[in-house]
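Participant: There's a structure below that I have some questions on.
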There are 2 protein chains.
Amino acid sequence: MPNFDALPPRLAHQARFLVEMDKLKGVLRRTSPIGQDRRENSAEHSWQVVLLAITLAEHSAEPIDLLRVLKMLAIHDAVEIDVGDTFHYDKAADPDLGAKEHAAAVRVFGLLPDDQAAEFLALWEEFESKQTPEGRFAAAVDRVVAFVMNSHNHGGTWAEYRLSAEQVRAKNQDIPRGAPAIWDLAEVLVQFGVEKGYLR
Amino acid sequence: MPNFDALPPRLAHQARFLVEMDKLKGVLRRTSPIGQDRRENSAEHSWQVVLLAITLAEHSAEPIDLLRVLKMLAIHDAVEIDVGDTFHYDKAADPDLGAKEHAAAVRVFGLLPDDQAAEFLALWEEFESKQTPEGRFAAAVDRVVAFVMNSHNHGGTWAEYRLSAEQVRAKNQDIPRGAPAIWDLAEVLVQFGVEKGYLR
């Protein structure tokens with residue numbers, strides 16, 4: 001390993017955190033990139049939600065601090081290094097998932113200097129709890145990505161799990177809460193999925 | 001294709017842009033994720049530089065608007081959809097590369113509503129020209145990633161292209177210009193590369 005101990009302690013902590021986070025490139029999700037026959041990883045997904053937030057910020061239901069939203073989205077999947085990706089429709093299956101994810105957040109962000117560890121943990125908790133305008137907008141963006149991918153990928157996980165339009169709508173109310181205009185986009189994608197037979 | 005024409009024109013343009021940008025998941029770079037036997041793509045890389053900028057912002061040589069840095073980094077590789085990734089040490093090989101990349105930026109960002117197309121094109125030009133504190137810090141972050149990856153990947157492209165420590169230092173002066181402390185990190189990684197024989 002490189003001799004990070006030769007660096008000022010703050011920078012050494014940051015370097016170790018950044019190396020650890022590279023592991024998100026190896027955490028596979030259920031979705032595939034459009035037109036590709038492979039599952040995408042959480043690093044690609046994290047970039048995509050950052051890009052969606054930048055592009056669609058004007059549609060937030062409430063005024064937001066976009067910088068805080070982008071920080072949240074860039075780190076929101078860090079816990080998957082320890083617990084893996086959990087499919088949105090399976091979240092209720094493991095009653096201990098919340099505690100496991102919290103422990104993972106404490107470990108991964110704990111590699112950082114104390115003040116940044118606290119900041120990143122607070123950002124992750126804000127994303128998870130959706131109790132602020134920024135948390136709600138970030139959640140809306142994170143949810144709509146699956147609509148974009150599945151509608152362009154012959155149904156993707158919609159088809160694989162034989163979901164209905166009603167299930168998809170009911171399970172994604174974070175979208176209209178965070179950004180009603182983005183829900184209009186989601187609805188166009190659902191209608192396309194129904195027409196094509198991707199959604200029951 | 002989904003019926004984006006059913007949406008307000010602004011949102012329809014944004015949706016088409018976001019679908020197009022998904023192609024960055026299929027643009028391969030020379031580097032590999034740490035410990036993985038595959039080349040990484042420009043979407044993963046874009047996430048990683050966003051994360052580095054968030055984590056290392058305090059080390060910028062000059063005060064920066066971090067939000068603008070993150071926007072720049074999230075879109076800085078958009079031109080690769082049309083021209084592919086160009087290896088840093090090969091950039092001089094194609095005298096027309098600048099013109100090709102500019103045309104690609106105009107095309108890809110041109111999918112957006114006019115005001116956003118102009119904003120994103122200006123961000124991309126600011127990143128390329130490195131004439132602002134934000135452009136310089138973004139460039140420093142974008143350059144140091146290769147040091148992190150190669151030093152943790154048995155030399156990676158350093159070894160593959162038989163580069164010397166001197167070549168790597170000379171070719172990456174964007175790093176000390178944008179963030180002297182990040183150059184200290186890069187130097188630790190170079191020294192490790194020399195010790196291990198990854199760098200001549």
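Participant: Which pairs, out of A:Lys196/B:Lys71; A:Lys23/B:Lys91; A:Lys25/B:Lys130; B:Lys23/B:Lys71; A:Lys23/A:Lys71; A:Lys130/B:Lys23, put more than 24 Å between their alpha-carbon atoms?
Facilitator: As for pairs spanning more than 24 Å Cα to Cα, those are A:Lys196/B:Lys71; A:Lys23/B:Lys91; A:Lys25/B:Lys130; A:Lys130/B:Lys23.
Participant: Less than 14 Å Cβ to Cβ from B:Val190, Lys/Arg counted +1 and Asp/Glu -1: what total charge do the surrounding residues give? Walk me through the intermediate numbers first.
Facilitator: Numbers: positive: B:Arg143, B:Arg169, B:Lys171, B:Lys196, B:Arg200; negative: B:Glu166, B:Asp184, B:Glu187, B:Glu195.
Charge balance near B:Val190 sits at +1.
Participant: Assuming R0 = 30 Å, what is the FRET efficiency of A:Asp37 and A:Lys91, from their Cβ-Cβ distance, to the nearest 0.05? Numbers along the way, then the final one.
Facilitator: Values: r = 27 Å, r/R0 = 0.89.
Calculated value: 0.65.
Participant: Tell me which residues come under 5 Å, amide H to amide H, from A:Ser32 once H is placed; ignore anything under 5 positions away on its chain.
Facilitator: A:Glu40
Participant: Which distance in nm do the two modelled labels at A:Leu28 and A:Asp115 give, with both placed 7 Å along the Cα-to-Cβ direction?
Facilitator: Going from the A:Leu28 label point to the A:Asp115 one covers 4.2 nm.
Participant: Round to the nearest 10 and give me the degree value, 0 to 90, for the angle of helix A:42-56's Cα axis relative to the longest principal axis of chain A.
Facilitator: Tilt of helix A:42-56: around 70 degrees.
Participant: On to the next question. Calculate the mean, over all residues of peptide A:70-83, of how many other protein chain Cβ atoms lie within 10 angstrom of the residue's Cβ. All intermediate terms of the calculation are to be shown ahead of the outcome.
Facilitator: On the way: counts 8, 7, 0, 2, 10, 4, 0, 1, 1, 0, 0, 0, 0, 0.
For peptide A:70-83, the averaged partner shielding equals 2.
Participant: Once phi is turned into ³J(HN,Hα) by the Karplus curve 6.51 cos²θ - 1.76 cosθ + 1.60 with θ = phi - 60°, what whole-Hz value does each residue of the stretch B:88-100 show in order, with x for glycine and proline?
Facilitator: The phi angles translate into 3, 7, 9, 4, 6, 5, 10, x, 8, 4, x, 5, 5 Hz.
Participant: Let me ask something additional. Kindly state, to the nearest 0.05, the FRET efficiency for B:Val83 paired with B:Ser164, given R0 = 25 Å and r defined as their beta-carbon distance.
Facilitator: About 0.30, to the nearest 0.05.
Participant: Over the whole of B:144-152, what's the average partner chain Cβ count within 10 Å per residue? Rounded to a whole number, please.
Facilitator: 2
Participant: OK, next. Which cross-chain or sequence-distant (5 or more) residues have an amide H under 5 Å from the amide H of B:Val27, H modelled 1.01 Å from N in plane?
Facilitator: It is B:Ser42, B:Ala43, by chain and number.
Participant: What are the ³J(HN,Hα) values, in whole Hz, obtained from phi via the Karplus relation 6.51 cos²θ - 1.76 cosθ + 1.60 with θ = phi - 60°, for each residue of the stretch B:59-64 in sequence order, with x given for Gly and Pro?
Facilitator: Using θ = phi - 60°, the values come out as 8, 4, 5, 10, x, 9 Hz.
Participant: Another question, if that's okay. Can you pull out the chymotrypsin sites (Phe, Trp or Tyr not before Pro) in the stretch A:116-169 that DSSP calls coil and that have at most 16 other Cβ atoms within 10 Å?
Facilitator: In loop regions of the stretch A:116-169 (DSSP not H, G, I, E or B), the sparsely surrounded chymotrypsin sites (Phe, Trp or Tyr not before Pro) are A:Tyr161.
Participant: Moving to a separate point now. What whole-number distance in Å separates the alpha-carbon centres of the stretch A:153-183 and the stretch B:75-109?
Facilitator: Cα centroid to Cα centroid, the span is 36 Å.
Participant: Mean projection of the alpha-carbon convex hull of the protein assembly as shown over all orientations, in nm²?
Facilitator: Its average projected convex-hull area is 18.6 nm².
Participant: Shortest first, in nm, what separates the label point of B:Glu125 from those of the same position in the other copies (7 Å along Cα→Cβ)?
Facilitator: The projected label point of B:Glu125 is separated from its counterparts by 4.5 nm.
Participant: Let me check I've understood the local charge: for A:His102, count other residues with C-beta under 12 angstrom from its C-beta, Lys and Arg +1, Asp and Glu -1. What total comes out?
Facilitator: Summing Lys/Arg as +1 and Asp/Glu as -1 gives -3.
Participant: For chain B, find the longest principal axis of its Cα atoms and tell me its angle to the long axis of helix B:133-151, 0 to 90°, nearest 10.
Facilitator: 50 degrees
Participant: Still on this structure: Pop out the carbon and sulfur fraction of the accessible area of chain B as a percent, whole number, probe 1.4 Å.
Facilitator: Within chain B, the accessible surface is 51 percent carbon and sulfur.
Participant: Let me ask you something else. Would you compute, from DSSP H runs of 4+ residues alone, the mean residue ellipticity of the protein assembly as shown at 222 nm, taking -39500 (n - 2.57) per run and dividing by the full residue count, rounded to the nearest 500? Intermediate values should be presented prior to the final figure.
Facilitator: Numbers: 22 runs with 248 residues, N = 400.
It lands at -19000 deg cm²/dmol.
Participant: Next up: Rounded to the nearest whole Å², what accessible area per residue is found for the stretch A:126-166 with the 1.4 Å probe?
Facilitator: 36 Å²
Participant: Under a GNM of chain B (C-alpha, springs under 10 Å), which listed residue has the highest mean-square fluctuation: B:Ile34, B:Ile182, B:Ile75?
Facilitator: B:Ile34
Participant: Still on this structure: Test of the criteria: in the stretch B:1-49, which trypsin sites (Lys or Arg not before Pro) are in a DSSP loop and have at most 11 other Cβ atoms within 10 angstrom of their Cβ?
Facilitator: B:Arg38
Participant: Report the rotationally averaged projected area of chain B based on its alpha-carbon convex hull, in square nanometres.
Facilitator: Details: hull surface 47.6 nm².
For chain B, the mean projected area of the Cα convex hull comes to 11.9 nm².
Participant: What does the buried accessible surface come to for B and A, summed over both chains, with the probe at 1.4 Å? Round to 100 Å².
Facilitator: The summed interface area works out to 4600 Å².
Participant: Can you list, shortest first in nanometers, how far B:Met1 lies from the same residue in the other copies, with each label 7 Å from Cα toward Cβ?
Facilitator: 5.0
Participant: Still on this structure, I have one more. ³J(HN,Hα) across the stretch A:175-181 via Karplus (A = 6.51, B = -1.76, C = 1.60, θ = phi - 60°), whole Hz, x for Gly/Pro?
Facilitator: With coefficients 6.51, -1.76 and 1.60, one gets 5, x, 4, x, 6, x, 5 Hz.
The values are calculated or read from the model by the stated rules, or taken from the named source; none is laboratory data. Since the model is a prediction, treat every value here as computed from it, not as a measurement. Note that we place each Cβ from the backbone using ideal geometry, even for glycine, and neighbour counts take in every protein chain shown. What goes into the accessible areas is simple: the full protein's heavy atoms, side chains included, and nothing from ligands, DNA or RNA. Shrake-Rupley method; radii C 1.70, N 1.55, O 1.52, S 1.80 Å.
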